[in-house]
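The values are calculated or read from the model by the stated rules, or taken from the named source; none is laboratory data. All figures in this text were calculated on a predicted structure; none of them were measured in a lab. Don't worry about glycine lacking a Cβ; one is built from the backbone with ideal geometry, like all the others, and counts go over all protein chains shown. All accessible areas refer to the heavy atoms of the entire protein, side chains included, with ligands and DNA or RNA removed. Shrake-Rupley method; radii C 1.70, N 1.55, O 1.52, S 1.80 Å.
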Amino acid sequence: MTYLAKPKFQHPDLPKNELGYTHRDYEGSVSTLCAGCGHDSITASIIQACFELSIEPHRVAKISGIGCSSKTPTYFLGNSHGFNSVHGRMPSVLTGANLANRDLIYLGVSGDGDSASIGFGQFAHALRRGVNMTYIVENNGVYGLTKGQFSATADRGSKSKRGVTNTDNSIDLAAMALQLGASFVARSFSGDKQQLVPIIRAAIAHEGAAFIDIISPCVAFNNHAGSTKSFDFVREHNESVNRLDFISSRMPIEVQYEPGTVEIVEQHDGSRLALRKLQADYDVHDRTAAQGFLQQHAAKGQIVTGLLYMDKTPSDLHAHLHTVDVPLNVLDAKDLCPGQATLDKVNASLR
Ligand SMILES: Cc1ncc(C[n+]2csc(CCOP(=O)(O)OP(=O)(O)O)c2C)c(N)n1
Ligand code: SF4
Ligand SMILES: [Mg+2]
């Protein structure tokens, strides 16, 4: 694989974040995706979210599978840890890395083919275990990299570029994530940066399994009339349930909200989400109601976007396993060996 590095020159007046980093410090290599691909817009939103959060790039581990979507970590956070794994195996690689070093921020990047077909089991188990991560699926309804076959998220009745009708039922990954117990579930659209950036920021700040299904049109193979993942279709059928403002722990709430129009949700790290309801009957803390809402709207051909569910008191895999606060990869043999007396006791209990 060849990488095209961006020139190092930076305009001296580029805005800086709290760490003194500019936007450029969160970018990666030049993208080799098709011009106009939705995935590149998601890359831009991830860069923006990490810049705004003032994340130290070396504290991030970006892990992906195989596909155009899984190539994108090369195009952002060039100074972070990265692992481009095997098709559908991002979740298990990420789980292992997270268990070894809980101090990093984990970004899992995948595609609908990568997560809803070959990696469907891996997707399910990482979410049900509550791995502390931001799991992003760049969902275009096709296998873009291998020339546009229907993926398992393609809607029944939608048409391929050559006019073939998809006769299989589709998998709704956000609905699955709700069922599997993810403690943060959102859906957004690559073309709606205003909605997407605060969602990514909130997901990164969330201490648990955060899943974001991002509809991301493939301009080469799935952006025609008859596709339900095209730019036009998503814009026409987008039912947004809420809008988020992300407020970091250091910032006062500056925006004036009409009383009763906004719910302020505290996150574990002290940051807050200002949640503006766009649908009066939508409760972001009710998992079962969210599942019903998604199904009813999907049956009408609508795509529900926004923060779909958030557990106010999430917990993660480390809490479930009672692991120590110190990352396991820095413990030495002295800390890891329980001692002869304990080992004898364990052995005796197994006889
Ligand atoms: C084990 C294995 N099986 C099949 C492939 C071929 N393959 C590469 S990418 C891909 C699908 C990618 O689709 P998706 O995850 O939706 O990514 P997109 O390109 O659409 O972003 C497939 C089937 C592979 N690389 N490895
Ligand atoms: S084939 Fe589709 S998904 Fe892949 S880079 Fe091109 S537009 Fe994007
Ligand atoms: Mg795809």
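Extension gain, Thr165-Lys16: 0.36 nm per intervening residue step, less the Cα-Cα distance, totals 48.7 nm.
Between Gly148, Gly119, Gly65, the residue with the greatest mean-square fluctuation in the GNM of the chain (Cα pairs under 10 Å linked by springs) is Gly148. Highest mobility in the GNM of the chain, judged by mean-square fluctuation with C-alpha springs under 10 Å and restricted to Ala290, Ala154, Ala186, is found for Ala290.
Highest mobility in the GNM of the chain, judged by mean-square fluctuation with C-alpha springs under 10 Å and restricted to Ala280, Ala177, Ala44, is found for Ala280.
Ignoring aspartates and glutamates fewer than eight residues from Lys300 along the same chain, the ones with Cα atoms less than 18 angstrom from its Cα are Asp155, Asp168, Asp172, Asp232, Glu236, Glu239, Asp281.
Using only Cα atoms, find the angle between the long axis of helix 340-350 and the longest principal axis of the chain, and express it within 0 to 90 degrees, rounded to the nearest 10. Orientation of helix 340-350: about 60 degrees from the principal axis. Over the residues of the chain, the helix contribution to mean residue ellipticity at 222 nm works out to -8000 deg cm²/dmol, using -39500 (n - 2.57) for each DSSP H run of at least 4. Other residues within the sphere of radius under 12 Å centred on the Cβ of Gly121, judged by their own Cβ, net out at +2 (K and R +1, D and E -1). Which residues among region 47-67 fall inside the zone where the amide N is under 16 Å from a point 7 Å beyond the Cα of Ile118, along Cα→Cβ? Within reach of a label on Ile118: 64-67. Couplings 3J(HN,Hα) of region 154-163, computed from phi: 5, 5, 4, x, 6, 10, 6, 4, 8, x Hz, in residue order, whole Hz [Karplus 6.51 cos²θ - 1.76 cosθ + 1.60, θ = phi - 60°; x for Gly and Pro]. Accessible surface of Leu350 in the full protein assembly, 1.4 angstrom probe, to the nearest 10 Å²? Using a 1.4 Å probe on the heavy atoms, I get roughly 140 Å². Farthest toward the positive end of the dipole of the chain, out of Val346, Gly157, Ala290, is the Cα of Gly157, where the dipole comes from beta carbon charges about the Cα centre.
Straight-line cross-link reach from Lys147 at under 19 Å between alpha-carbon atoms covers these lysines, not counting any fewer than eight positions away in the same chain: Lys71, Lys159, Lys161, Lys229. Only protein atoms count toward the accessible area here, which uses a 1.4 Å probe; on the chain, the carbon and sulfur part of that area reaches 54 percent. Straight-line cross-link partners of Lys334 among the lysines, defined as a Cα under 28 Å from its Cα and at least 8 positions apart when in the same chain: Lys345. The distance separating the Cα centre of region 98-139 from that of region 146-217 comes to 13 Å. A simple packing score, the average count of other Cβ atoms within 10 Å per residue, orders the peptides 300-307, 213-220, 229-236 as 213-220, 300-307, 229-236, with the highest score first. Working from label points 7 Å from Cα in the Cα-to-Cβ sense, the His297 to Thr32 distance is 3.8 nm. For region 1-77, the set of chymotrypsin sites (Phe, Trp or Tyr not before Pro) satisfying both a DSSP loop assignment and a count of at most 14 other C-beta atoms within 10 Å is given as Tyr3, Phe9.
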